[in-house]
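A.B. asks: Let me begin by handing over the structure; questions about it come next.
Read-outs throughout are calculated quantities, based only on the coordinates presented, and are distinct from any laboratory measurement. Since the model is a prediction, treat every value here as computed from it, not as a measurement. Here the Cβ positions follow ideal geometry from the backbone for every residue, glycine too, while neighbour counts run over all protein chains shown.
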Amino acid sequence: IYADPAKRLELYFRPKDPYCHPVCANRFPTSTMLLRVRRSTKKQQQSDAEGQIQPQVQFEMEILGIVTTVYKFQGMSDFQYLAMHSGPDGKQTSMYDKVLMLKPEKEEFFNRDLPLYIPPPIFSRLDTPVDYFYRPDIQHREGYNNPQVSGENLIGLSRARRPHNAIFVNFDDEEIPTKPLDAAVQNWKKVCTNPVDKKVEEELRKLFEVRPVWSRNAVKANISVHPDKLKVLLPYLAYYMLTGPWRSLWVRFGYDPRKHPEAKIYQVLDFRIRCGMKYGYAATDMPVKAKRSTYNYSLPITVKKQGSHTVSVHDLKQGLGSAGTSGAKKPPSSRYKLKESIYIFREGALPPYRQMFYQLCDLNVESLQKIIHRNDGTESECTERDGWCLAKTSDDLRDSMSLMIKQIIRSTRPALFSNTTSSEDGKEQLAYESGEEEEDEEEEEEDFKPSDGSENEMETEILDYV
């Protein structure tokens with residue numbers, strides 16, 4: 001807990017009870033001293049004024065150090081949910097010996113008839129009292145309509161969603177937009193009030209002239225612009241593809257990649273680092289750690305959330321990150337820029353995350369580019385799964401990239417592959433050089449479906465624009 005400033009210290013009143021709900025302490029900085037006090041009693045005795053014999057007591061104090069962090073329990077204790085059952089006579093019976101498996105049990109332990117006991121999955125999200133100021137009516141923006149009340153929707157939205165007026169296009173749509181929405185133009189004009197914003201707009205225009213299709217991460221790696229301003233600027237210059245080989249990418253207005261075979265180099269590749277004993281190393285051996293894990297799940301009450309600063313139009317006009325903020329230490333030219341590894345794949349380097357979205361032109365490996373350009377000049381049809389590339393091109397790219405990453409892990413952690421036979425090495429090397437995939441791998445992996453919703457991370461940015 002001490003290593004993570006965002007965590008709160010938990011105290012359990014019944015530590016051996018897994019159903020015990022904790023109280024949490026907040027972390028505070030302090031500058032106090034830690035003292036060691038010794039009380040010593042000497043055998044020599046002295047008489048007091050009344051003639052009574054008293055032992056001679058001395059105290060010694062020593063400063064051990066300075067305390068810089070303290071935890072204070074300022075919240076209220078929450079409800080506790082005990083594993084109990086009420087009988088017909090109202091008598092409470094403990095169920096701990098029936099629901100807790102403290103040792104390996106036989107089948108009879110799981111087949112016993114027991115009263116239903118389902119503890120709540122979560123308790124209160126707050127442990128401090130807050131004032132709630134009731135309002136008679138919510139003032140929405142002009143044009144907002146309350147959702148229709150039905151049996152499935154009894155609670156309306158607390159406020160209208162703040163749209164950024166982006167245009168979304170599906171692969172099956174016949175037409176593509178040639179200009180932004182009027183609301184998107186007005187939004188950018190409200191924000192673009194200083195020369196820095198004008199310069200950012202011109203830089204993004206030049207990027208779309210060089211390459212008509214960009215991912216948001218690639219833009220952020222080439223231009224230093226505040227993320228909140230980028231949300232307003234992108235819908236002003238490009239539209240967003242929802243499905244197909246260019247899904248989750250921003251395309252310049254008036255450019256239709258489905259009609260240009262040369263646009264295949266801008267297609268997206270959803271690449272995920274493979275891990276498991278099948279590939280010679282477990283998830284815990286991965287040099288690239290996962291963003292989120294169910295093993296590290298924390299209840300909302302145990303995490304101290306930082307107060308977020310609400311971004312307003314006034315903040316955007318003032319430049320967001322002026323000289324008075326901590327971000328002013330970095331030069332304006334690179335304050336918000338991301339590293340190139342966020343969108344470029346290079347041989348010999350591990351991706352920063354386990355799941356990455358690369359455009360094919362950003363795979364800077366000669367062998368991968370050969371796979372992409374196998375059908376140059378003979379492209380006949382643009383399909384939703386493979387675009388202008390040959391069938392299963394994405395699968396071939398993933399196999400080759402996975403072997404490259406496996407070789408990197410092997411070079412850094414050779415002990416993981418000490419049991420790998422030489423014949424397997426030869427087979428892997430052959431597959432790496434030719435780009436062919438193993439048959440059993442092909443059978444075990446699921447087919448890639450590009451249009452089944454927005455389960456990947458990059459497509460979640462659509463929520464910023466709806």
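A.B. asks: Less than 12 Å Cβ to Cβ from Tyr71, Lys/Arg counted +1 and Asp/Glu -1: what total charge do the surrounding residues give? Could you put the intermediate results ahead of the total?
C.D. replies: Details: positive: Lys7, Arg8, Arg27, Lys72, Lys304; negative: Glu10.
Surrounding charge for Tyr71 is +4.
A.B. asks: So which GluC sites (Glu not before Pro) in the range 367-401 are both in a DSSP loop and have at most 12 other Cβ atoms within 10 Å of their Cβ?
C.D. replies: For GluC sites (Glu not before Pro) across the range 367-401 that sit outside H, G, I, E and B with at most 12 neighbouring Cβ atoms in 10 Å, the list reads Glu381.
A.B. asks: So what is the orientation-averaged projected area of the range 99-141, using the convex hull of its C-alpha atoms, in nm²?
C.D. replies: With the hull built on Cα positions only, its mean projection is 7.9 nm².
A.B. asks: Can you list the HN-Hα couplings for the range 199-213, worked out from phi with the Karplus curve (6.51, -1.76, 1.60; θ = phi - 60°), rounded to whole Hz and with x for Gly and Pro?
C.D. replies: For the range 199-213, the Karplus-derived couplings read 5, 4, 4, 5, 5, 5, 4, 5, 4, 6, 6, 6, 9, x, 10 Hz, x marking Gly and Pro.
A.B. asks: Asn364 to Val196: extension gain in nm, 0.36 nm per residue of separation minus the Cα-Cα distance?
C.D. replies: Taking 0.36 nm per residue and subtracting the Cα distance, the gain is 57.3 nm.
A.B. asks: Would you mind getting me the FRET efficiency between Glu384 and Leu116? Use the beta-carbon distance for r and R0 = 45 Å, nearest 0.05.
C.D. replies: Efficiency, rounded to the nearest 0.05: 0.40.
A.B. asks: Under a plain spin-label model, where a point goes 7 Å from the Cα along Cα-to-Cβ, how far apart in nm are Arg205 and Leu100?
C.D. replies: About 7.0 nm, to one decimal.
A.B. asks: Right, next: Gain in length, Arg38 to Lys91, computed as 0.36 nm per residue apart minus the alpha-carbon separation, to one decimal in nm? Kindly include the intermediate steps, with their values, before the conclusion.
C.D. replies: Working: separation 53, 0.36 × 53 = 19.08 nm, distance 5.24 nm.
Net length gain for the segment: 13.8 nm.
A.B. asks: Can you list which of the trypsin sites (Lys or Arg not before Pro) found in the range 1-38 are DSSP loop residues with at most 13 other C-beta atoms within 10 Å? Walk me through the numbers before you get to the answer.
C.D. replies: Working: sites: Lys7, Arg8, Lys16, Arg27, Arg36, Arg38; in loops: Arg8, Lys16.
Those satisfying the criteria are Lys16.
A.B. asks: May I pose another question? Throw me the Rg/Rh for the range 1-93, computed over C-alpha atoms with Kirkwood Rh, two decimals.
C.D. replies: On the way: Rg = 24.5 Å, Rh = 18.9 Å.
Radius of gyration over Kirkwood radius for the range 1-93 works out to 1.29.
A.B. asks: Let me ask something else. What do you get for GluC sites (Glu not before Pro) in the range 169-245 restricted to DSSP loop and a cutoff of at most 15 other Cβ within 10 Å of the site's Cβ?
C.D. replies: Passing both the DSSP loop test and the Cβ count: Glu174, Glu175.
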